[in-house]
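One structure below.
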Amino acid sequence: MSARRFRTLGVDPATGKEAFVVACPGGVLEELADTHALKAAAVLVTVVGAVLEGGRSSDTELAAFVPSLHAALEECVGIMAADRER
């Protein structure tokens, strides 16, 4: 049995608070969380790509993106692995 973990569905525009769920495999909430994760990763790729293309970023600026990139990559790999198991 896999460990349950919280997944984000994004930020509630009315409250500004992030909404989390514990999603069941193959369920609607898991699909929503996967969609949010993939969209967030795509935005992050765009932002980091723009920083890299600018060519004037310092190591400190790039290092600021590492935790976010790691989290996005980890979540996307989890999504792909779950899809392979089905």
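The numbers here are math on the coordinates, done by the rules we state, and not lab data. Remember, predicted model here, so these are calculated numbers, not experimental data. Cβ atoms come from the backbone with ideal geometry, glycine included; neighbour counts cover every protein chain shown.
Observations on the structure shown:
- Pairs where the first residue, in the stretch 33-52, is β-branched (V, I, T) and the second is surrounded by 12 or more Cβ atoms within 10 Å (Cβ to Cβ), C-beta under 7 Å, 6+ apart: V48/F65; V48/L69; V51/S57; V51/L62
- Residue satisfying all of: in the stretch 7-19; surrounded by fewer than 11 Cβ atoms within 10 Å (Cβ to Cβ) and not small (G, A, S); farthest from L73 (Cα to Cα) among these: T15
- Residues in the stretch 63-83 that are over 25 Å from G27 (Cβ atoms) and touching a residue at least 12 places away in the same chain (Cβ under 8 Å): F65, S68, L69.
So that you can scan it fast, the table gives a plain yes or no per residue for (1) over 13 Å from the mean Cα position of the chain (by Cα); (2) loosely packed, with under 10 Cβ neighbours inside 10 Å:
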residue: V21; (1), (2): yes, no
residue: H36; (1), (2): no, no
residue: L44; (1), (2): no, no
residue: V51; (1), (2): yes, no
residue: G54; (1), (2): yes, yes
residue: E61; (1), (2): yes, no
residue: V77; (1), (2): no, no
